[in-house]
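**Q** The structure's right below; bear with me while I get my questions together.
The values are calculated or read from the model by the stated rules, or taken from the named source; none is laboratory data. What you see is a predicted model, and the numbers here were worked out from it, not measured in a lab. Cβ sites come from the backbone with ideal geometry, for glycine too, and all protein chains shown count toward neighbours. Remember, those area values only see protein heavy atoms, side chains included, never the ligands or the DNA or RNA. Shrake-Rupley method; radii C 1.70, N 1.55, O 1.52, S 1.80 Å.
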Amino acid sequence: MADTILRTDRLSKSFGGLIATNGVSLDFERGQVHAIIGPNGAGKTTLINLLSGDLLPNDGSILFNGKEITNLPPNKISQLGIGRSYQKTNIFAEFSCYENCWVAAQSRLNSSMRFFRPASHLKAVRERAERALELCGLSRRHNSRAAEMSYGEQRQLEIGMMLATEPELLLLDEPLAGMGSEESIQVIELLKRLAEEHTLILIEHDMDAVFSIAEQLTVMVNGRVLATGTVEQIRNNQAVQEVYLGEDEEEL
Amino acid sequence: MSALSRFLPLSALLVLLLFPLLGSEYYVGLLSRIIILAIFAMSLDLLIGYTGLVSFGHAAFFGIGGYALAIAFQDASVIHLWQALPLSLAAAALAALLVGWISIRTSGIYFIMITLAFAQMFFYYFFESPSYGGDDGIFLFLKPVLMIGSEDILKLEQENNFYYFALSCLVAGYLLLTMILRAPFGKVITAIKANEHRVCALGYSVNRYKLVSFVIAGTLAGLAGFLEGAHSGYINPSYMSWHESGIAIAIVVLGGMGTLYGPVVGAFIVVLLQDFLPSLTEHWQLLFGSIIISVALFLPRGATSLLPRILALLRREKSEDASSEEDPLEKTDG
Ligand SMILES: Nc1ncnc2c1ncn2[C@@H]1O[C@H](COP(=O)(O)OP(=O)(O)OP(=O)(O)O)[C@@H](O)[C@H]1O
Ligand SMILES: [Mg+2]
């Protein structure tokens, strides 16, 4: 029996006249990697923004673990166990790598309102932050200022910060974008490892990566869901081949 | 931090501690005023330099700290410090809680506008209230006392004693803010200044942190207002005018925001300029303005940003002749 962790029901969002998300109804299964693909401007990031609370939908609803989260602000959604990484790197540039993860880890422990103890003394937070750094492969960059790191490393840090909040459901918006092949391989390995214990919703343009990680696949075009199903089903879907996987069609 | 830059604040403190032994009463009084302004500016720096909240109404809490003292004790035969100081702090904190609770919902230019509007409301309230002296304000003829037995251990009516009292308040405020900024709370507000959106996405209720920061800053401004009222024995609506709020911003920016010592240095620069420039020319305001403009243009991180550069220069010179003689200060550096 399928166990749905997240469900959207006729979710819609428009910017002025542009309908970026158009009646999207999707079920995401617990423990699976569900990739969302689609051409530029298809509305993938907008969908993630709706799920994470960064944007409020005009219509429709979102259920997480059976609980309505449609109009919750990002911090509440994060506290419920939904973490996200951003397509555009969104880190604290002046903080060190470790401090970035530290602030993320700290959000889970109800001690941030503490005034009278140096931040460095909180052992639990430190361990969480160090684990996240380890996972995203930046341990050796512990003290580097985020702004001084390579673009690829900043992308890794972006993921590390999300991990430091130890979410149950991970929303990853193009985690591989702009990474070198070495870093890509590392991050794909990381995603595979994370997939063992988490639910992942993954937006990615790199098809090889998608096919190697994802179990479920949704294709979006113009704000709508064109098709959704297992990777095999989508590969063989006629409409998808016409609109999106044009190259595959030629091969047929 | 290098030994040299740790040594600097301590030596500055030493100079301040010894100053009354040498300086005349007039200059000790002037220095007290500077220290009070430094506390006020430092509190604003917590908002501007660390939380990213540009408040243009910070003088309101300064004024409320002063008015709380003046209103409660204008007819009293004795002002007990242990009553008056907590009262001023509480009044400023409460006002900051109210103003902050509404203001932090806005950001950017709207936050500037709304804090200004609140401060103006307080200003006009006191300006037009006959029972609080209207625009004439309130005089206080007594200084707060701290009685141990039948002895006042502070004797604030003596200029030197008041000076040391104000200086202790500055040091206490500085240490308190340093501690807060090193604690988790401090890390979070600095992160909010850097990237508020991401802090929220990480699960923090950003507004709560902003509000707490706003209240801490307001309370500290209330302390400065209390000291000002006690020092000058006079409090009037102009203490909370937008002009005062503007000066405080200028001090923070001139000195260097996001460093606690910056506003202290800024307060010295501004008051000394205001004291010294009029003797040069009657158009001193023009000169004052151009100095502010030049600092903003050439030292965007404030006057104190010169310090690290000077230290670096000194260090280079030192390491050049370090081969011949070793400097004990430099040892801890490596
Ligand atoms: N804040 C916004 N205001 C106005 N229009 C927006 C906004 N955000 C997105 N859009 C528009 O909505 C549409 C969908 O954008 P979105 O970023 O969701 O696409 P995407 O599928 O993530 O594309 P990409 O693959 O390039 O990241 C685009 O046409 C975009 O211009
Ligand atoms: Mg996108």
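**Q** Do we find that A:L55 is surrounded by 22 or more Cβ atoms within 10 Å (Cβ to Cβ) and within 16 Å of ligand 2 (Cβ to nearest atom) in this structure?
**A** No.
**Q** Against the definition (more than 16 Å from ligand 2 (Cβ to nearest atom), of a type in the set (A, V, I, L, M, F, W, C), over 14 Å from the mean Cα position of the chain (by Cα) and over 19 Å from A:I5 (Cβ atoms)), how does A:L135 come out, yes or no?
**A** Judged against the criteria, A:L135 is a match.
**Q** Scan B:L140, B:L181, B:L177 and give me the residue that is within 14 Å of another protein chain (Cβ to nearest Cβ) and within 21 Å of B:I64 (Cβ to Cβ).
**A** Testing whether each residue is within 14 Å of another protein chain (Cβ to nearest Cβ) and within 21 Å of B:I64 (Cβ to Cβ) leaves just B:L177.
**Q** If you scan the stretch A:163-185, which residues turn out to be more than 17 Å from A:I36 (Cβ to Cβ) and crowded, with 17+ Cβ neighbours inside 10 Å?
**A** A:L163, A:A164, A:T165, A:P167, A:M179, A:E183, A:S184
**Q** Restricting the search to the stretch A:3-14, which residues are within 16 Å of ligand 2 (Cβ to nearest atom) and not in a strand (DSSP E or B)?
**A** none
**Q** Continuing with this model, one more query. Which residue out of B:E196, B:E157 is without any contact (Cβ under 8 Å) to a residue 24 or more places away in the chain, surrounded by fewer than 21 Cβ atoms within 10 Å (Cβ to Cβ) and acidic (D, E)?
**A** B:E157
**Q** Here's another thing I want to ask about it. State all residues of the stretch A:74-92 that are without any contact (Cβ under 8 Å) to a residue 60 or more places away in the chain, within 7 Å of another protein chain (Cβ to nearest Cβ) and not aromatic (F, W, Y); if no residue qualifies, say none.
**A** Listed by number, the residues that qualify are A:P74, A:N75, A:Q79.
**Q** Also, I was wondering about something else. Considering (1) open to solvent by 40 Å² or more (accessible area, probe 1.4 Å); (2) touching a helix residue (DSSP H, G or I) at 6+ places or on another chain (Cβ under 9 Å), say which one A:A214 fails and leave the rest.
**A** Against the list (1) open to solvent by 40 Å² or more (accessible area, probe 1.4 Å); (2) touching a helix residue (DSSP H, G or I) at 6+ places or on another chain (Cβ under 9 Å), A:A214 comes up short only on (1).
**Q** Against the condition farther than 20 Å from A:N49 by Cα and not in a loop (DSSP other than H, G, I, E, B), how does A:L133 come out, does it pass?
**A** Yes.
**Q** Take the residues of the stretch A:21-46 that are under 17 Å from A:D9 (Cβ atoms), open to solvent by less than 30 Å² (accessible area, probe 1.4 Å) and in contact with a Gly (Cβ under 9 Å, 6 or more places away or on another chain): which is farthest from ligand 2 (Cβ to nearest atom)?
**A** A:V24
**Q** Let me ask something else about it. Does any residue in the stretch A:27-47 that is of a type in the set (S, T, Y) come within less than 6 Å, Cβ to Cβ, of a residue that is within 11 Å of ligand 2 (Cβ to nearest atom) six or more places away or on a different chain, and which pairs are these?
**A** Every condition considered, the pairs that remain are A:T45/A:Q87; A:T45/A:D173; A:T46/A:A20.
**Q** Let me ask you something else. Does B:I112 count as of a type in the set (V, I, T), open to solvent by less than 80 Å² (accessible area, probe 1.4 Å) and either within 14 Å of chain A (Cβ to nearest Cβ) or more than 22 Å from the chain's Cα centre (by Cα) (or both)?
**A** So B:I112 does not fit the description; no.
**Q** So which residues in the stretch B:201-211 are at the interface with chain A (Cβ under 7 Å from one of its Cβ atoms) and open to solvent by 30 Å² or more (accessible area, probe 1.4 Å)?
**A** B:S205
**Q** Considering only residues of the stretch A:130-162 that are open to solvent by less than 10 Å² (accessible area, probe 1.4 Å) and within 11 Å of another protein chain (Cβ to nearest Cβ), which is nearest to ligand 1 (Cβ to nearest atom)?
**A** Checking each candidate, the answer is A:E158.
**Q** Given the stretch B:1-96, what helices (runs of 4 or more DSSP H) lie entirely inside it while holding 3 or more residues that are at pLDDT 95 or above? Talk me through it step by step, then tell me what you get.
**A** On the way: elements: B:3-22, B:25-45, B:59-73.
The helices (runs of 4 or more DSSP H) meeting that bar are B:25-45, B:59-73.
**Q** Restricting the first residue to the stretch A:209-229 and requiring it to be closer than 27 Å to A:Q186 by Cα, which pairs with a second residue that is within 16 Å of ligand 2 (Cβ to nearest atom) and among the aromatic types (F, W, Y) meet a Cβ separation below 8 Å and a spacing of at least six or different chains?
**A** Between residues of the stretch A:209-229 that are closer than 27 Å to A:Q186 by Cα and residues that are within 16 Å of ligand 2 (Cβ to nearest atom) and among the aromatic types (F, W, Y), the close pairs are A:V219/A:Y244.
**Q** Moving on to the next point. Could you figure out which of (1) away from ligand 1 (no atom under 16 Å from the Cβ); (2) open to solvent by 50 Å² or more (accessible area, probe 1.4 Å); (3) within 15 Å of the chain's Cα centre (by Cα) isn't true of A:E68?
**A** (3)
**Q** Within the set of pairs 6+ apart or on separate chains, which have a first residue in the stretch A:177-203 that is away from chain B (no Cβ under 14 Å), a second that is more than 16 Å from ligand 1 (Cβ to nearest atom) and open to solvent by 30 Å² or more (accessible area, probe 1.4 Å), and C-beta atoms under 7 Å apart?
**A** Final answer for the pair search is A:G178/A:Y151; A:I188/A:S212; A:L190/A:L135; A:H198/A:E168; A:T199/A:R30; A:T199/A:G31; A:T199/A:Q32; A:T199/A:E168.
**Q** Also, quick follow-up: Tell me which residues, restricted to the stretch A:5-20, are within 25 Å of A:L200 (Cα to Cα), open to solvent by 40 Å² or more (accessible area, probe 1.4 Å) and within 8 Å of ligand 1 (Cβ to nearest atom).
**A** Scanning the stretch A:5-20 gives no hits.
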